[in-house]
Structure formats: structure tokens, C-alpha cells
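K.L.:
Provided herewith is a single structure, encoded as C-alpha cells, for subsequent inquiry.
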Amino acid sequence: MKKETAARTASLMLCLAVWVFIFSNSMQGGEASSQRSDAVMAMVNRVLAGAGGGPVESWALRKAAHFAEFAALGASLILALRCWLPGLPIRRQFPLAFTTGVVSAVFDETIQLFSQGRSAQFSDVLLDSAGVLAGMLAAVLSVALAIALMPAPAWAVSVPVEKWVDYAATAFAGGSGTESDPYQIATAEQLAKL
């Protein structure tokens, strides 16, 4: 029960942290947002130049950031629903998480309407929604892969109640049990006799 409560709390805190990050970015004015984007762009371009890559344009970085933060939201939403509503099938959880992500994207763009020097764009809602979907898929596939790679115990269909020696044969198939004439074992019952 403690593990379940801890997982629920952690998943909720993760969702809240992602929402705070997304919405606080949207509340920044246009100038502050541009300065922050320019600083990140300069760092990214330095890394890319060191690796022999070309520079990234500001609009591309902003769109990638939108996609990434909403992918994080999508992943956290589907994981939270898996923790909070484990009895609800994934086919029901998926639309619920996606709808919550899309509503968050609309809310995010609405916040920008009230931030000085910012504007709302329908294309950003679509991009954010694609990020939500990508994050959800990545989270579900990662969990499925982790489960598939876990060693699974093998269980016998029916296990006899008796001990295996109860089935021991009375004699071996041949041999006297010496080094020069070892016992000959032909059946499981003869092996149990050993």
C-alpha cells in the first residue's frame, strides 16, 4: 500500500511540476521569453558547432521546446493515470490523458494572450498536442519494453503434491553401479531411484 501511495504522489507531483514549468514559461513577457530563448539557442549552437553541426534558428528551437515540454506532460499524464486508475483499461486512459493534454495546450496559448508581447497560435496548439501524443506513446512503450525485458518466473501447470522420490523405480535398466559397469538409467523413475 505504501508503494502505491508513493507512486500516486510522485506521479501527481510530476504532472504538477510539468504544468508549472509550461505555464510559467507562457506567463513570461515577449522580451523575457526571447532573451531566454536566445541564451538557450546560443548554448545549443555552441554544442552543435563543436559536433560539426549547423546553427539552429530561433523559431525551430522554440517549436522544439514546445513539443518537448508537452511530450513531458503527455508522459507524466499517462503514467499518473496508470497509478491513479489502474483498473481503467489503457484504451480508456489514453483518450483521457490526451484530452487533458490538449486542454492544457489550449490553456497555455490562452495564457499567452495575456502576456505582454506574446500571442496565441493555433499551430502551437496542434504542435503541443502532437507532443502530448508522442510523450504518451513513448511512456507506454518504455514501460511495456521494461516489463518485457524483466525476467519472468516459470510456473508449472500442475505440481504433484508427493515428493519425486515417491516415484522411484525398483531397479535400473542395467549395470551394477561400479566404475566399470555404471547403472543404466532409461526413465525418470530410474533417475529418481538414484
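K.L.:
Could you tell me how many of the residues in the range 90-102 are over 15 Å from Val20 (Cα atoms) and either in contact with a Phe, Trp or Tyr (Cβ under 7 Å, 6 or more places away or on another chain) or open to solvent by 60 Å² or more (accessible area, probe 1.4 Å) (or both)?
P.N.:
7
Residue-wise test of (1) farther than 26 Å from Met43 by Cα; (2) assigned to a helix (DSSP H, G or I).
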residue	(1), (2)
His66	no, yes
Ile78	yes, yes
Leu81	yes, yes
Thr100	yes, yes
Ala120	yes, no
Ser142	yes, yes
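K.L.:
Where the second residue is modelled with pLDDT of 95 or more and of a type in the set (S, T, N, Q) and the first is within 8 Å of Gly74 (Cβ to Cβ) and lies in the range 130-155, which pairs have Cβ atoms under 9 Å and are six or more apart or on separate chains?
P.N.:
From residues that are within 8 Å of Gly74 (Cβ to Cβ), the pairs are Val132/Thr100; Val132/Ser104; Gly135/Ser76; Ala139/Ser76.
K.L.:
Tell me, please, whether a residue that is on the phi < 0 side of the Ramachandran plot, modelled with pLDDT under 90 and surrounded by fewer than 20 Cβ atoms within 10 Å (Cβ to Cβ) can be found in the range 120-131.
P.N.:
yes
K.L.:
Report, by residue number, each residue of the range 18-64 that is under 19 Å from Phe98 (Cα atoms), open to solvent by 50 Å² or more (accessible area, probe 1.4 Å) and either in contact (Cβ under 8 Å) with a residue 40 or more places away in the chain or of a type in the set (Phe, Trp, Tyr) (or both).
P.N.:
Trp19, Phe21
K.L.:
Moving on. Condition (residue is in contact with a Lys or Arg (Cβ under 8 Å, 6 or more places away or on another chain), farther than 18 Å from Ala144 by Cβ, aromatic (Phe, Trp, Tyr) and not in a loop (DSSP other than H, G, I, E, B)) applied to the range 103-118: is it met by at least one residue?
P.N.:
Scanning the range 103-118, I find no residue that is in contact with a Lys or Arg (Cβ under 8 Å, 6 or more places away or on another chain), farther than 18 Å from Ala144 by Cβ, aromatic (Phe, Trp, Tyr) and not in a loop (DSSP other than H, G, I, E, B), so the answer is no.
K.L.:
Looking only at the range 76-89, which residues are open to solvent by 70 Å² or more (accessible area, probe 1.4 Å) and touching a residue at least 24 places away in the same chain (Cβ under 8 Å)?
P.N.:
Arg82, Trp84, listed by residue number.
The values are calculated or read from the model by the stated rules, or taken from the named source; none is laboratory data. Remember, it's a predicted structure, so these values are computed and weren't measured experimentally. Cβ sites come from the backbone with ideal geometry, for glycine too, and all protein chains shown count toward neighbours. Protein only, heavy atoms only, side chains kept; ligands, DNA and RNA dropped before computing areas. Shrake-Rupley method; radii C 1.70, N 1.55, O 1.52, S 1.80 Å.
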